[in-house]
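The values are calculated or read from the model by the stated rules, or taken from the named source; none is laboratory data. Note that the structure is a prediction, hence the values are computed from the model and not measured. All Cβ positions, even for glycine, are placed from backbone atoms using ideal geometry, and neighbour counts span all protein chains on display.
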Amino acid sequence: MAKFEYAPAPESRAIVDLKPSYGLFINGEFTDSQGGTAFKSISPSTEEVLAEVTSASEADVDRAVAAARRAFNGAWGRMSGADRGKYLYRIARILQERSREFAVLESLDNGKPIKESRDVDVPLAAAHFFYHAGWADKLDHASLGRNPRPHGVVGQVIPWNFPLLMLSWKIAPALATGNTVVIKPAETTPLTALLFAEVLQQADLPPGVVNIVTGAGTTGQAIVDHPDVDKLAFTGSTGVGKMIARSIAGTRKKATLELGGKAANILFDDAPIDQAVEGIVNGIFFNQGHVCCAGSRLLVQESIADEVDQRLKRRLATLRVGDPLDKNTDVGAINSRAQLERITELTAVGEAEGATRWEAECELPAKGFWFRPTVFTGVSQTHRIAQEEIFGPVLSVLTFRTPHEAVAKANNTPYGLSAGVWTEKGSRILWMADQLKAGVVWANTFNKFDPTSPFGGYKESGYGREGGRHGLAAYVTTEGHR
Ligand code: TAP
């Protein structure tokens, strides 16, 4: 098939005004660290240093928690829900006004294509603030229980795959319910969180309501271990989630954990195949596969396996991999060298274990961290690439004959975050959704997100829900549930 050539269509980065270095955002202002060190945030697509960022020390985390506590005991704690809502609306509108700036910065720091940061991450981040703004004065009517009240100071730790969006998932419900926040963005993607601090200043949010401390795992651990944090919200790997669960066991701290996944995207022989192929591509190659709910295992009914294989590979050959700021780019850079090494290692294991590897033919840029869209066929259930989260643009294909076999294979993983079902038959969709042990089941679509819809996992994918009324519930305590 002839491949169209595209002229480059780069988005200008002039809109982003990066400072050479950033402090910590504590009590409404940027401050220097007390005893912390500095680290560099680089662009994964060019390895260029974007800015120097502070690694917060335990003393810094302590200052941030103290500022959050003062704000909670002060004006914020006494504020009406209607007034809190006004701040959330203001933040949402400023995010919309500055959306291009956020999209460009997110693509620079994370490596994701601008069309994703522009059309998915930033609009959804604003939508989360709009949605939760609406709840702030209606909590008594949200069926959360009698007299819902905030926990107090909330500690939040987020990953690098959707930096601004995960920050919004965390901060918007916390503020709507009247809590105050100390949040740590991931080490490799701190820059949109620091730009968000400017939005908070612009919105005149009272000092200390949101504190942003940058750093690595030790900074996250300091938040988790701080005795004056009432609730924790974490998104990231199952390994770190388990450590957090262990370290708060026996304390009064509440926690929600949103961890990894190994979702099955299940394709029946009556499904519209071209539409399903788009859904498979979106399911695993969206955001370079750095998605906890990615459809990383394709379960395809045996009778159509060859046809799907051909159509899928033909479609993958048209994906454009490269400069994240180019508006034509479909697949951007892998977020870090460490993640690239993990993907490289696991895919080598896939070959060694006997699966057949196929890679899209494409030229990769000379600098930066890149990985070709990859498909493994002949995968069996025991292969590590069928069991472990690769968190990259790699699809493992398995086959099945009957719906029962599909369910058994789909559920045969320690995870349970999401799943997809492709079939024309409505009754089968309902039956499958009932059988699948997954927090979200998409039918004839994949990777759809909305702030009104609760998201979360079963088994090692964590506990608690984010989004919707269920997400609000995690941020309040009600009478009889202290
Ligand atoms: P994690 O290490 O779990 O990172 C998530 C967040 O936790 C980051 O902010 C991280 O800081 C912080 N953190 C690390 N150690 C901590 C500790 N002991 N206490 C408190 N916070 C801590 O994930 P990762 O290393 O970025 O990625 C590793 C694997 O996790 C990936 O390959 C992928 O499989 C999975 N992952 C899953 C998700 C989702 S959404 N489920 C997201 C990202 C990664 P640093 O950034 O500084 O390490």
Hey, could you check region 224-243 for residues that are among the aliphatic types (A, V, I, L, M) and within 7 Å of the ligand (Cβ to nearest atom) and say which is surrounded by the fewest Cβ atoms within 10 Å (Cβ to Cβ)? Met243
Does region 438-452 hold any residues that are within 22 Å of Ala473 (Cα to Cα) and either of a type in the set (Asp, Glu) or in contact (Cβ under 8 Å) with a residue 24 or more places away in the chain (or both), and which are they? Ala438, Gly439, Val440, Phe449, Asp450, Pro451, Thr452
Which ones in region 465-482 are modelled with pLDDT of 95 or more and either within 16 Å of the ligand (Cβ to nearest atom) or part of a loop (DSSP other than H, G, I, E, B) (or both)? Arg465, Glu466, Gly467, Gly471, Ala474, Tyr475
Candidates Ala103, Ala68, Ala82, Ala75, filtered to the one that is on the phi < 0 side of the Ramachandran plot and in contact with a helix residue (DSSP H, G or I) (Cβ under 8 Å, 6 or more places away or on another chain): Ala103
Meets criteria (surrounded by 23 or more Cβ atoms within 10 Å (Cβ to Cβ) and among the hydroxyl-bearing types (Ser, Thr, Tyr)) for Tyr458: no
Among the residues of region 376-419, how many are among the β-branched types (Val, Ile, Thr), surrounded by fewer than 16 Cβ atoms within 10 Å (Cβ to Cβ) and touching a helix residue (DSSP H, G or I) at 6+ places or on another chain (Cβ under 7 Å)? 0
Matching residues in region 166-190 - criterion: being of a type in the set (Ser, Thr, Tyr), more than 19 Å from Phe455 (Cβ to Cβ) and either near the ligand (Cβ under 8 Å from one of its atoms) or assigned to a loop (DSSP other than H, G, I, E, B) (or both): Thr188, Thr189
Which of the helices (runs of 4 or more DSSP H) contained wholly in region 8-123 include at least 2 residues that are charged (D, E, K, R) and over 30 Å from Pro365 (Cβ atoms)? 58-73, 81-97
So how many residues does region 448-482 have that are of a type outside the set (Ser, Thr, Tyr) and within 21 Å of Gly241 (Cβ to Cβ)? 16
May I ask you to verify whether Gly260 is within 14 Å of the ligand (Cβ to nearest atom) and touching a Cys at 6+ places or on another chain (Cβ under 8 Å)? yes
